[in-house]
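The values are calculated or read from the model by the stated rules, or taken from the named source; none is laboratory data. Remember, it's a predicted structure, so these values are computed and weren't measured experimentally. Neighbour counts run over all protein chains shown; Cβ positions are idealised from the backbone, glycine included. Please note that ligands, DNA and RNA were not included when accessible areas were found on the heavy atoms of the full protein model with its side chains. Shrake-Rupley method; radii C 1.70, N 1.55, O 1.52, S 1.80 Å.
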Amino acid sequence: MLDTATAAATRLAQPDALLQTNAIDMLREDTLLSASLWVNVALAGLAILVFVYMGRNVETPRARLIWVSTLLVPLVSIASYSALLSGLTIGTLEMPAGHALAGESVLSPWGRYLTWTLSTPMILLALGLLAGTDTAKLFTAITMDIGMCVTGLAAALTTQSYLLRWAFYGISSAFFLVVLYILLAEWPADAVEAGTADIFGTLKVLTVVLWLGYPILWALGTEGLALLDVAVTSWGYSGLDILAKYVFAFLLLRWVAGNEQTVSTAPPAATAAATDD
Amino acid sequence: MLDTATAAATRLAQPDALLQTNAIDMLREDTLLSASLWVNVALAGLAILVFVYMGRNVETPRARLIWVSTLLVPLVSIASYSALLSGLTIGTLEMPAGHALAGESVLSPWGRYLTWTLSTPMILLALGLLAGTDTAKLFTAITMDIGMCVTGLAAALTTQSYLLRWAFYGISSAFFLVVLYILLAEWPADAVEAGTADIFGTLKVLTVVLWLGYPILWALGTEGLALLDVAVTSWGYSGLDILAKYVFAFLLLRWVAGNEQTVSTAPPAATAAATDD
Amino acid sequence: MLDTATAAATRLAQPDALLQTNAIDMLREDTLLSASLWVNVALAGLAILVFVYMGRNVETPRARLIWVSTLLVPLVSIASYSALLSGLTIGTLEMPAGHALAGESVLSPWGRYLTWTLSTPMILLALGLLAGTDTAKLFTAITMDIGMCVTGLAAALTTQSYLLRWAFYGISSAFFLVVLYILLAEWPADAVEAGTADIFGTLKVLTVVLWLGYPILWALGTEGLALLDVAVTSWGYSGLDILAKYVFAFLLLRWVAGNEQTVSTAPPAATAAATDD
């Protein structure tokens with residue numbers, strides 16, 4: 001009888017709050033899952049050391065701004081993965097009717113979506129500065145990217161309606177389309193003018209292909225159609241983060257360190273954009 | 001006895017947390033209330049389509065910046081109202097002693113205050129760019145506006161003291177006075193120099209009158225003196241949002257699309273402000 | 001038996017959520033503790049009035065930008081301390097094994113860390129503008145400062161692992177080192193060029209010495225090694241806030257009001273930085 005009272009009380013008291021303790025226990029019991037987080041703490045730490053070393057001689061303001069915004073990517077990442085591991089930004093959610101795991105407790109690493117709100121704008125800032133774009137386009141790319149991440153967080157946290165989970169997924173994807181349009185249709189032309197077309201082309205393809213992986217993984221993973229289990233989903237995100245963040249940043253910084261002149265002698269419009277933001 | 005244990009446990013466990021489930025049930029049972037949210041999802045969606053179409057030929061950077069910041073208003077709005085409907089940013093609060101509904105569960109659509117933090121700066125950015133103002137004034141208007149929204153959120157969420165609810169209301173109103181001062185005393189003169197005095201004058205009056213409606217509605221609604229019931233309060237906010245956001249944005253965009261030359265040939269100071277931010 | 005059920009339910013339902021009610025009761029019973037908060041509400045209010053008066057004649061855009069960002073410091077502060085007093089941003093946490101108070105409920109004024117995220121960038125913005133620095137350095141200082149505050153918040157909220165509390169403390173301190181480097185090695189040279197070396201030197205020393213006090217206090221206070229009790233810790237933070245915020249801002253504003261010419265006739269690079277941000 002006590003158990004019944006307890007269960008009823010728990011249900012009433014916290015119908016859909018995020019239960020941290022369950023999540024931390026899941027993490028401790030599932031080595032494969034926790035490894036997917038620890039590997040990123042280690043790689044982000046390594047990336048920070050390498051990037052600081054690579055940027056030690058960068059001196060012109062515009063190149064330094066690209067360098068710092070790129071360096072912020074692994075800095076946000078190490079804080080983000082530490083927060084997941086500490087249980088601060090991870091929890092379990094009870095999925096709504098309609099979901100493949102309806103009624104079950106599903107691990108939600110919601111901190112990922114939150115910290116992407118901080119790290120992905122830094123990637124776009126670095127790319128936009130590299131392409132020498134103007135303020136209006138940079139503002140558009142970054143605000144739409146933040147819209148994408150925040151509504152992605154809403155999709156992950158919604159537990160009252162299966163339909164509304166996918167509605168937020170749709171809104172988030174619409175924001176993503178605007179970001180893609182800028183990456184594929186607007187900035188390549190700006191990069192030609194700025195003399196950075198080669199490196200921008202490489203990084204653009206890398207970013208577009210890898211960023212497409214995130215919504216696909218969400219749809220297939222535990223929070224969407226649940227075709228993949230929780231550890232595989234987590235490794236998927238961690239793998240994408242490794243490529244889209246540290247490898248991306250390494251390529252960008254290696255080029256900037258070796259071509260600081262090109263970056264600092266960009267055309268007037270580009271320079272303006274660089275120093276203005 | 002079970003019920004007593006349950007009730008006691010609930011009270012102990014979540015003394016003043018936001019109960020999502022109650023709020024979602026209230027929404028489902030009250031058609032008038034939920035209609036006040038759905039109508040904004042529909043209108044925001046329509047506004048997005050119309051605004052994208054209206055801005056299709058806008059090309060100069062400054063006009064595009066105004067267009068994108070205006071377009072972000074219904075984009076934030078559709079996400080905000082979806083979050084209210086999904087139960088993510090809505091809850092019930094037990095009002096403190098002194099409040100007309102003290103001890104009762106009152107529906108708190110606290111997500112409104114949170115998302116205004118994101119949408120109202122976009123309105124001020126568009127207005128400031130239209131007036132061709134300088135960075136210092138734009139920074140002032142936007143930071144004070146964010147202060148107004150965040151302390152408004154605090155006013156809505158405070159449940160330990162009736163007095164402190166109104167203290168936050170007072171702080172929020174003080175921030176609002178600074179915004180009003182800039183709208184009424186600073187930007188009109190800038191707009192004359194920029195050659196946008198006519199349209200700025202119209203939008204200024206619309207904004208000032210409608211924005212004054214929000215604190216008045218808060219004071220009269222369920223969260224303040226509780227003279228209006230929850231559905232009427234919600235319709236009040238939704239109606240204000242429709243006029244202050246979509247109608248406002250429509251008028252602004254129609255003018256910008258038809259007067260792109262005026263916007264892009266603003267005086268030096270104004271141009272600087274436009275491209276710098 | 002009822003009590004057992006209730007206690008079990010409470011433990012299950014809210015394993016590590018922040019209990020507001022306990023915190024508010026602690027505040028009400030501990031006059032010394034609550035006085036440490038009220039004194040800041042009073043002083044922040046006084047500072048706002050004094051600063052508005054001091055800045056009444058400041059007219060050039062760059063000096064006004066410094067003035068507004070400085071004025072925002074007590075504005076954020078009064079909202080922050082009101083939120084602590086209202087119980088909104090204060091709670092009790094059960095410390096993890098290893099902590100001196102392991103298993104006990106410890107008062108966490110986590111709202112302090114959250115609001116420093118908003119107020120300390122304003123201090124750095126004012127200092128950077130005073131030194132006439134470029135956008136890249138200002139961006140670096142402010143983003144690293146935000147990283148410091150957000151990971152400080154994570155350190156305060158982590159309850160699952162004592163080690164991870166100190167890991168976040170370490171990450172936060174690493175961000176702080178970057179801020180210190182900019183304050184001590186980069187901006188002094190910029191300030192010499194801008195003709196503001198004297199006042200910048202004074203404010204730099206004040207800021208560096210006082211800001212070092214915060215991590216030391218965290219380490220010694222209830223959230224770290226718990227050598228100081230909760231009221232002493234709170235008075236420590238309140239005292240540091242009084243010196244690092246209101247006294248700092250007073251010195252800065254008095255100088256700006258009396259030397260507006262120097263600020264507005266800064267060298268080109270400095271002027272660009274001022275109007276660009």
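Only a single item in (1) open to solvent by less than 40 Å² (accessible area, probe 1.4 Å); (2) away from chain B (no Cβ under 14 Å); (3) of a type in the set (D, E, K, R) is not met by C:Asp30, and it is number (1).
With respect to the stated conditions, B:Gly111 is within 12 Å of another protein chain (Cβ to nearest Cβ) and open to solvent by less than 10 Å² (accessible area, probe 1.4 Å).
In the set (1) in contact (Cβ under 8 Å) with a residue 60 or more places away in the chain; (2) among the hydrophobic types (A, V, I, L, M, F, W, C); (3) closer than 23 Å to C:Pro188 by Cβ, C:Phe139 fails one condition alone, (1).
Selection over the stretch A:209-229 of residues that are surrounded by 15 or more Cβ atoms within 10 Å (Cβ to Cβ), of a type in the set (Val, Ile, Thr) and without any contact (Cβ under 8 Å) to a residue 24 or more places away in the chain gives a count of 0. The set of residues in the stretch B:57-79 being polar (S, T, N, Q) and surrounded by 24 or more Cβ atoms within 10 Å (Cβ to Cβ) consists of B:Ser69, B:Thr70, B:Ser77.
Residues that are over 12 Å from A:Val230 (Cβ atoms) and open to solvent by 20 Å² or more (accessible area, probe 1.4 Å) were ranked within the stretch A:90-101; the one that is farthest from the other protein chains (Cβ to nearest Cβ) is A:Ala100. Here is the figure for the stretch B:172-204: residues that are within 30 Å of B:Trp110 (Cβ to Cβ) and over 17 Å from the mean Cα position of the chain (by Cα) total 3. Flag: A:Ala47 does not match the condition of being among the small types (Gly, Ala, Ser) and within 8 Å of chain C (Cβ to nearest Cβ).
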